[in-house]
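Only one structure is covered here, and it is reproduced in the block below.
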Amino acid sequence: MMANIHELIAKGAPLYGAWATSNDPAVAEAMAGSGYDWLCLDSQHGPLDWHDLLPLLRAVGGTPTLVRTGWTDQMQIMRALDMGASGVVVPMVSTVEQAKLAAEACFYPPRGNRSFGPIRNYYAADNRPDPLCLCMIETAEGAKNVEKIAAVPGVGGLLIGPADLALALGEKLEFKISDAALKVIDRVVAACEKNKKVSAMATMGPANAQAMMERGIRMVALGADMLHVRQGAAAELARARDWKAPKKKSGRSK
């Protein structure tokens, strides 16, 4: 069974996570084995579909794992949780109404409208922690409604999508956090602290992650699986190309 992500959050230390975009269980297993505090399986932009989800959730073992759904589709949210996810990341949440749809799908009545479906063999309604519902703040309208969205019952926290947020704010897409985005980030942190929710962010790299942690972000995604593969492979190749080939000896040895 996966570790209780709420207990990890309650400890107060930063939680380091990563995006898992591959539909290969071996890659998910390797990511989980690398020591991340949490992972997020990406069914919004990644190639994985519902046939991939169960093998991936099995492969990660005890690492708390969220699933990013396509949008505020309650069927997708319920299904991800039935398959054993620790929670969901719901993209493009712009309004209180959308946040309520996301949260309601995470909980059984009377707290929500989730349908009971014990798919995983260890699953029962009374022996698993509450799912974590993270609503992504990445639209201009969502940025305006940060405080209201954070106050919605059942929403466990807000996760900032800096790339889409930059585009929504009319900025160029760059791998750095703009001043306009920083203002939204600070409001997210304040709103989460006020409502006892967790703040999270896809930080686009360790340098940004450290800066965002210093601003109060509690859950930081350092990168993604395939990005790590490319970076690791490129670094090894660069080191190899720097090696100096031994000089050939002239003449015959005696």
Would you check if residue 217 is of a type in the set (A, V, I, L, M) and modelled with pLDDT under 95? no
Determine which single condition residue 84 fails, assuming it passes every other condition in (1) surrounded by 16 or more Cβ atoms within 10 Å (Cβ to Cβ); (2) at pLDDT 95 or above. (2)
When you check residue 196 against the structure, is it part of a loop (DSSP other than H, G, I, E, B), surrounded by fewer than 19 Cβ atoms within 10 Å (Cβ to Cβ) and of a type outside the set (Val, Ile, Thr), yes or no? yes
Please enumerate the residues belonging to segment 139-151 that are farther than 9 Å from residue 94 by Cα and surrounded by fewer than 23 Cβ atoms within 10 Å (Cβ to Cβ). 147, 148, 151
Among the residues of segment 155-182 satisfying the criterion of being without any contact (Cβ under 8 Å) to a residue 60 or more places away in the chain and touching a strand residue (DSSP E or B) at 6+ places or on another chain (Cβ under 6 Å), which is surrounded by the most Cβ atoms within 10 Å (Cβ to Cβ)? 158
Here are some residues: 42, 37, 24. Which one is surrounded by fewer than 20 Cβ atoms within 10 Å (Cβ to Cβ) and touching a Phe, Trp or Tyr at 6+ places or on another chain (Cβ under 6 Å)? 37
How many residues are of a type outside the set (Ser, Thr, Tyr) and in a loop (DSSP other than H, G, I, E, B) when one looks only at segment 1-32? 10
Filter the helices (runs of 4 or more DSSP H) completely within segment 60-175 down to those with at least 3 residues that are among the charged types (D, E, K, R), under 18 Å from residue 42 (Cβ atoms) and under 18 Å from the mean Cα position of the chain (by Cα). none
Is segment 74-81 home to any residue that is buried (at least 24 other Cβ atoms within 10 Å of the Cβ), at pLDDT 95 or above and not aliphatic (A, V, I, L, M)? no
Do you know which residues across segment 206-249 are in contact (Cβ under 8 Å) with a residue 12 or more places away in the chain, within 17 Å of residue 178 (Cα to Cα) and either touching an Asp or Glu at 6+ places or on another chain (Cβ under 8 Å) or assigned to a helix (DSSP H, G or I) (or both)? 206, 208, 209, 211, 212, 213, 215, 216
Only listed residue being on the phi < 0 side of the Ramachandran plot and over 18 Å from the mean Cα position of the chain (by Cα), chosen from 184, 189, 220: 184
Mind checking which residues of segment 64-73 are buried (at least 23 other Cβ atoms within 10 Å of the Cβ) and either over 12 Å from residue 106 (Cβ atoms) or in contact with a Pro (Cβ under 7 Å, 6 or more places away or on another chain) (or both)? 64, 65, 68
Before we move on, is residue 56 hydrophobic (A, V, I, L, M, F, W, C), surrounded by fewer than 22 Cβ atoms within 10 Å (Cβ to Cβ) and free of Cβ contacts under 8 Å to residues at least 60 places away in the same chain? no
Any idea which of (1) farther than 25 Å from residue 145 by Cβ; (2) charged (D, E, K, R); (3) at pLDDT 95 or above; (4) in contact with a Lys or Arg (Cβ under 8 Å, 6 or more places away or on another chain) is the one residue 29 doesn't satisfy? (4)
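The values are calculated or read from the model by the stated rules, or taken from the named source; none is laboratory data. Since the model is a prediction, treat every value here as computed from it, not as a measurement. With ideal geometry, Cβ positions are generated from the backbone for all residues, glycine too; neighbour counts draw on all protein chains shown.
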